[in-house]
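The values are calculated or read from the model by the stated rules, or taken from the named source; none is laboratory data. As the structure is a prediction and not an experimental result, all values here were calculated from the model. Surface areas here come from the heavy atoms of the whole protein model, side chains and all, with no ligands, DNA or RNA. Shrake-Rupley method; radii C 1.70, N 1.55, O 1.52, S 1.80 Å.
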Amino acid sequence: MGEQPIFTTRAHVFQIDPSTKKNWVPASKQAVTVSYFYDVTRNSYRIISVDGAKVIINSTITPNMTFTKTSQKFGQWADSRANTVFGLGFSSEQHLTKFAEKFQEVKEAAKLARDKSQEKIETSSNHSQASSVNGTDDEKASHVGPADTHLKSENDKLKIALTQSAANVKKWEIELQTLRESNARLSTALQESAASVEQWKRQFSICRDENDRLRNKIDELEEQCSEINREKERNTQLKRRIEDLESELREKETELKDLRKQSEIIPQLMSECEYVSEKLEAAERDNQNLEDKVRSLKTDIEESKYRQRHLKVELKSFLEVLDGKIDDLHDFRRGLSKLGADS
C-alpha cells in the first residue's frame, strides 16, 4: 500500500467518554504500540495503534490538529473526523516529549504536503488554460488545420484521461478496501467497547449495592456504639452510687464502733449500781438498828435514790437509741445487698 511506519512508541490509550465529554475511558488494558505511518501514495500521515485484532487508533494528521501535554506523562489530541479525543499515557516524560515533537514534525509535513498539492493543482489549471489559448492562436495564425489532426489530438487526450481515470479507480478501489477493513475493525472495536460498557455498568451496579449495604451496616454499628455508650454512662452512674453507699456504710460502721465502745461501759455501770444497791441494803439494815441515824440521813438517801432512778432512765434511753441505731444499720445493710443484686 506504500504506507510505512516512521516512528513507534508504547503507551496506554484512552478515549474521551462520548456521553460526558469529560471522563477518560481506557481503550487498552495495557500499554500498546502506537506508530506514525506515512502514506507515499497519498502523501499523508496517520497515527495507528492496534491491540490484538482491535484497532483502537486510526487518526489522520491534519495541519489543524494540536497535541497538548496535560501532565508530565499524559497528552491528548482531538480528531474531528473520528469525532473523539485520544489520550496517551506514557511511562516517562521523555517518551511523551519525543511523541509530541514527532507530532509537531508530522503536522508541519502534512501542512507542506497540502500546500504543494494546492500549488500543483493551480499550476495544472493555469497550464491547461494556457495550452487552450495557444492552440486557438496557432489555429488563427495558420488559418488551416486538418480535421483529422484535431480529432487525433482530442483522441490522445481522451486516452490519457481514460488511463488516469483507470489508475484513479484502481487506487480508489484499494482505498475503499482499506476503508472497509478499517470499518470492520472499528465495528468490532465498537462492539467490544459496548460489551465493556455493559460489563462496567453491571460492575457499577454491584458496587453501588455493596456500598448501600455497607452504609446500612455502618448505621447499625453506629447505633450499637451509641447504645454501648449509654450503657457505659449508666454503669458509671451506678459505680458512683455504689461508691457513695460504701462511703456511707463506712461512716455507719465507724458510728457503730463508737456505740459499741460506749456499750462496753454499761456493765461497769450496772456493777456499780448493784454495788450501790448492796450498800443501800446494808445501810437499810443498819438503819433499822439506827433509825435515828436513818431519819437524819433520809434526805441523803432519797437524793441518792433519785440519782439512781435518773441514771437508770438515761441508761434505758441510751439502750433504746442503741437498739434503733442497730436496726437502722441492719436495714441499711439489707438495702445495700439488694442494690448490689439488682446491678
What are the ³J(HN,Hα) couplings of the stretch 316-326, residue after residue, when phi is run through the Karplus curve with 6.51, -1.76, 1.60 and θ = phi - 60°? Round to Hz, x for glycine and proline. 5, 4, 4, 5, 5, 4, 5, 4, x, 5, 5
Per residue, how large is the accessible surface of the stretch 1-94? Use a 1.4 angstrom probe and give square angstrom. 55
Pull up all non-local amide H partners of Ile6: gap of 5 or more, or a different chain, and H-to-H distance under 5 Å with H placed in the peptide plane. Tyr36, Phe37, Tyr38
Sorted largest first, extent of the stretch 13-116 alpha carbons per principal axis (Å): 39, 27, 27
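What pairs in Lys239/Lys338; Lys29/Lys217; Lys279/Lys316; Lys29/Lys107 have C-alpha atoms more than 25 Å from each other? Could you put the intermediate results ahead of the total?
Values: Lys239/Lys338 15 Å; Lys29/Lys217 34 Å; Lys279/Lys316 23 Å; Lys29/Lys107 29 Å.
Among Lys239/Lys338; Lys29/Lys217; Lys279/Lys316; Lys29/Lys107, the Cα-Cα distance tops 25 Å for Lys29/Lys217; Lys29/Lys107.
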Taking the Cα centroid of the stretch 17-83 and of the stretch 244-274, what is the distance between the two, rounded to the nearest whole Å? 103
Phi-based couplings in Hz for the stretch 77-91 (Karplus 6.51, -1.76, 1.60; Gly and Pro marked x): 8, 9, 10, 5, 5, 7, 6, 7, 10, 9, x, 10, x, 9, 7
